[in-house]
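Q: Below is the structure I would like to discuss, written out as structure tokens.
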Amino acid sequence: MGKMNGKTDITGTKAAGSNREKSGFLRSDAGRLIVYLFFAFGGAFAWFAIANPGHLLWNDMTSEWQSFVSLGMLFPAIAHILTRRVTGEGFRLTGEDSMMLGISFRNRKWILYLVAVFLPWFYCELGAALTILMHQEAYDPQHYLTEGVSPEMLKILPAACIVSGMLGSFAAFGEEAGWRGYMMPKLRKLMGKYPALIVGGIIWGLWHAPLTVIGHNFGTDYPGFPYVGVLKMCFFCIVMGTLLTFVTEVSGSIWPAAILHAVNNTNPCILNGFVDYDKVPAGSGLSGESLAVLLTAAVVLVVWRKPERK
């Protein structure tokens with residue numbers, strides 16, 4: 001770094017050394033991760049406070065207000081861009097240490113896109129089935145009618161949810177471009193696959209805390225609200241994050257994770273039309289939905305058994 005225009009410059013060498021010392025923090029994966037988390041948490045938490053100054057509960061907001069508050073979901077992606085600008089990492093779209101925005105169907109990577117589309121449907125149906133088995137009193141063969149859903153609509157509900165999720169969820173891309181596109185690769189380098197999945201899930205769950213405490217994720221009618229909800233969200237994010245990180249790492253792109261996340265948010269499930277969740281006792285332990293996602297993540301971990309690179 002001390003060579004300038006082909007000549008060695010002592011002053012330049014000293015200055016370069018000083019710059020390296022000052023920027024060493026921003027050149028390390030740990031330092032860059034800290035910068036990213038500062039932007040992701042600071043920006044989102046500030047937005048959630050500004051967008052909901054009265055601390056209204058989620059169900060007390062209008063749908064328009066909920067959408068306005070949900071703009072905070074874009075901050076992981078914004079934090080990714082800001083971090084790369086501050087750290088000087090650049091903005092490569094594909095390849096190693098890139099933003100992973102490319103799309104490739106080669107080497108059977110197209111399978112990951114199909115998995116992203118249909119896997120949420122599978123574990124949502126499995127979750128509803130497990131709920132019926134665990135809480136038979138919640139089974140209601142005509143419950144979907146009380147929700148204003150016709151028999152015809154119920155049959156095409158998964159397809160409608162999948163399409164609407166893929167086309168309309170900006171929040172999923174906003175999160176995945178940050179969490180899977182930046183945070184998880186950094187954690188993976190720092191601590192390896194399995195610790196990264198756990199730590200990354202806890203970070204992701206805690207980031208949701210401003211929404212969890214107003215009832216966005218689990219409502220408000222459960223024992224230990226809202227603190228238990230924050231813990232539940234961390235657990236859910238560890239499990240869900242396993243699925244999302246898997247499709248991202250194997251495909252080399254954030255798009256399968258964004259699709260999977262978006263479809264998951266729409267809850268594409270026919271069997272839900274036969275479950276009255278108001279009859280599922282609060283605090284009854286692991287829900288059928290959580291158990292289904294947990295089982296799915298366990299299968300994914302078995303498939304994703306490629307040994308760590310040293």
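The values are calculated or read from the model by the stated rules, or taken from the named source; none is laboratory data. What you see is a predicted model; the values in this text were computed from it and never measured. Don't worry about glycine lacking a Cβ; one is built from the backbone with ideal geometry, like all the others, and counts go over all protein chains shown.
Q: Tell me, which residue of segment 68-100 that is closer than 16 Å to PRO185 by Cα, among the charged types (D, E, K, R) and without any contact (Cβ under 8 Å) to a residue 12 or more places away in the chain is surrounded by the fewest Cβ atoms within 10 Å (Cβ to Cβ)? Reasoning before the result, please.
A: Step one: list which residues in segment 68-100 are closer than 16 Å to PRO185 by Cα, which gives 76-77, 79-81, 83-84, 87, 89-100.
When the remaining residues are screened for being among the charged types (D, E, K, R), the result is 84, 89, 92, 96-97.
Those still in the list that are without any contact (Cβ under 8 Å) to a residue 12 or more places away in the chain too: 92, 96.
On the way: ARG92: 14, GLU96: 8.
This residue is GLU96.
Q: Hey, another quick one. Exactly one condition in (1) more than 25 Å from the chain's Cα centre (by Cα); (2) closer than 19 Å to LEU244 by Cβ is false for CYS161; which is it?
A: If we test CYS161 against (1) more than 25 Å from the chain's Cα centre (by Cα); (2) closer than 19 Å to LEU244 by Cβ, just (1) comes out false.
Every residue, every condition in (1) surrounded by fewer than 21 Cβ atoms within 10 Å (Cβ to Cβ); (2) at pLDDT 95 or above; (3) part of a loop (DSSP other than H, G, I, E, B); (4) not acidic (Asp, Glu), yes or no:
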position	(1), (2), (3), (4)
PRO256	no, yes, no, yes
LEU260	no, yes, no, yes
ASN265	yes, no, no, yes
GLY283	yes, no, yes, yes
LEU286	yes, no, yes, yes
LEU291	yes, no, no, yes
LEU295	yes, yes, no, yes
PRO307	yes, no, yes, yes
LYS310	yes, no, yes, yes
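Q: Of all residues in segment 239-254 being outside any loop (DSSP other than H, G, I, E, B), under 19 Å from SER98 (Cβ atoms) and not charged (D, E, K, R), which is nearest to the chain's Cα centre (by Cα)? Before you say what the answer is, go through the steps one by one.
A: Within segment 239-254, the first condition is being outside any loop (DSSP other than H, G, I, E, B), and the residues that meet it are 239-251.
Then keep just the ones that are under 19 Å from SER98 (Cβ atoms); that gives 244-251.
If we keep only those that are not charged (D, E, K, R) as well, we get 244-248, 250-251.
Values: LEU244: 7, THR245: 9, PHE246: 12, VAL247: 12, THR248: 11, VAL250: 16, SER251: 16 Å.
This residue is LEU244.
Q: For segment 104-125, what are the residues that are in a loop (DSSP other than H, G, I, E, B) and surrounded by 14 or more Cβ atoms within 10 Å (Cβ to Cβ)?
A: Within segment 104-125, the subset in a loop (DSSP other than H, G, I, E, B) is 104-105, 109.
Selection gives LYS109 alone.
Q: Restricting to segment 194-209, what's the tally of residues that are assigned to a helix (DSSP H, G or I) and either of a type in the set (Val, Ile, Thr) or closer than 15 Å to GLU175 by Cα (or both)? Explain how you work it out, then say what you get.
A: The initial filter retains those residues of segment 194-209 that are assigned to a helix (DSSP H, G or I), namely 194-207, 209.
From the residues that got through so far, the ones that are either of a type in the set (Val, Ile, Thr) or closer than 15 Å to GLU175 by Cα (or both) too are 198-207, 209.
Selection size over segment 194-209: 11.
Q: Taking the residues in segment 126-142 that are within 27 Å of PRO256 (Cα to Cα) and among the small types (Gly, Ala, Ser) as candidates, determine which candidate is surrounded by the fewest Cβ atoms within 10 Å (Cβ to Cβ).
A: Filtering segment 126-142 down to residues within 27 Å of PRO256 (Cα to Cα) leaves 126-130.
If we keep only those that are among the small types (Gly, Ala, Ser) too, we end up with 127-129.
Details: GLY127: 25, ALA128: 24, ALA129: 16.
Checking each candidate, the answer is ALA129.
Q: Among the residues of segment 223-234, is there at least one that is among the hydrophobic types (A, V, I, L, M, F, W, C), in contact (Cβ under 8 Å) with a residue 60 or more places away in the chain and either part of a helix (DSSP H, G or I) or farther than 30 Å from LEU145 by Cβ (or both)? Don't jump to the end; show me each part of the working.
A: As a first pass, look at segment 223-234 and keep what is among the hydrophobic types (A, V, I, L, M, F, W, C): 225, 228, 230-231, 233-234.
Next, only the ones that are in contact (Cβ under 8 Å) with a residue 60 or more places away in the chain stay: none.
No, because not a single residue in segment 223-234 is among the hydrophobic types (A, V, I, L, M, F, W, C), in contact (Cβ under 8 Å) with a residue 60 or more places away in the chain and either part of a helix (DSSP H, G or I) or farther than 30 Å from LEU145 by Cβ (or both).
Q: Being closer than 30 Å to SER98 by Cα, among the basic types (Lys, Arg) and exposed (fewer than 15 other Cβ atoms within 10 Å of the Cβ) is the filter here; which residues of segment 143-180 pass it?
A: Result: no residue meets the conditions.
Q: Return yes when PHE105 is modelled with pLDDT under 95 and of a type in the set (Phe, Trp, Tyr) and no when it is not. Explain how you work it out, then say what you get.
A: Numbers: modelled with pLDDT under 95: yes; of a type in the set (Phe, Trp, Tyr): yes.
Judged against the criteria, PHE105 is a match.
Q: Please list, ordered by first then second residue, the pairs with beta carbon atoms under 6 Å, 6 or more apart or interchain, first in segment 278-290 and over 17 Å from GLY229 (Cβ atoms), second at pLDDT 85 or above and not aromatic (Phe, Trp, Tyr).
A: Within 6 Å, the pairs are LYS279/GLU137; LYS279/ALA138; GLY288/GLY127; GLY288/LEU130; GLY288/THR131; GLY288/MET134.
Q: Identify the residue in segment 210-222 that is part of a loop (DSSP other than H, G, I, E, B) and of a type in the set (A, V, I, L, M, F, W, C) and, among all such residues, is surrounded by the fewest Cβ atoms within 10 Å (Cβ to Cβ). Spell out how you get there, then give the answer.
A: To start, the set of residues in segment 210-222 that are part of a loop (DSSP other than H, G, I, E, B) comprises 213-222.
Of the ones still in play, those that are also of a type in the set (A, V, I, L, M, F, W, C) are 213-214, 218.
Values: VAL213: 20, ILE214: 21, PHE218: 18.
Only one residue fits best here, namely PHE218.
Q: I'd like to check something: does segment 208-217 contain any residue that is modelled with pLDDT of 95 or more and polar (S, T, N, Q)?
A: yes
Q: For segment 52-64, give me each residue that is in contact (Cβ under 8 Å) with a residue 12 or more places away in the chain, surrounded by fewer than 18 Cβ atoms within 10 Å (Cβ to Cβ) and either assigned to a helix (DSSP H, G or I) or in contact with a Pro (Cβ under 8 Å, 6 or more places away or on another chain) (or both). Let's see the steps before the verdict.
A: First pass over segment 52-64, keeping only residues in contact (Cβ under 8 Å) with a residue 12 or more places away in the chain: 52, 55-59.
Adding the requirement that they be surrounded by fewer than 18 Cβ atoms within 10 Å (Cβ to Cβ) leaves 55-57, 59.
Scanning segment 52-64 gives a single hit, ASN59.
Q: Follow-up question, since we're still on this one. Of everything in segment 185-222 that's of a type in the set (Ser, Thr, Tyr) and touching a residue at least 24 places away in the same chain (Cβ under 8 Å), which residue is farthest from LEU301 (Cα to Cα)? Reasoning before the result, please.
A: Filtering segment 185-222 for residues of a type in the set (Ser, Thr, Tyr) gives 194, 212, 220, 222.
From what's left, touching a residue at least 24 places away in the same chain (Cβ under 8 Å): 220, 222.
Values: THR220: 32, TYR222: 31 Å.
Across segment 185-222, the extreme among qualifying residues is THR220.
Q: Give THR220, THR296 a once-over and let me know the one that is among the polar types (S, T, N, Q) and closer than 30 Å to GLY102 by Cβ.
A: Values: THR220 fails: closer than 30 Å to GLY102 by Cβ.
Matching residue, one of THR220, THR296: THR296.
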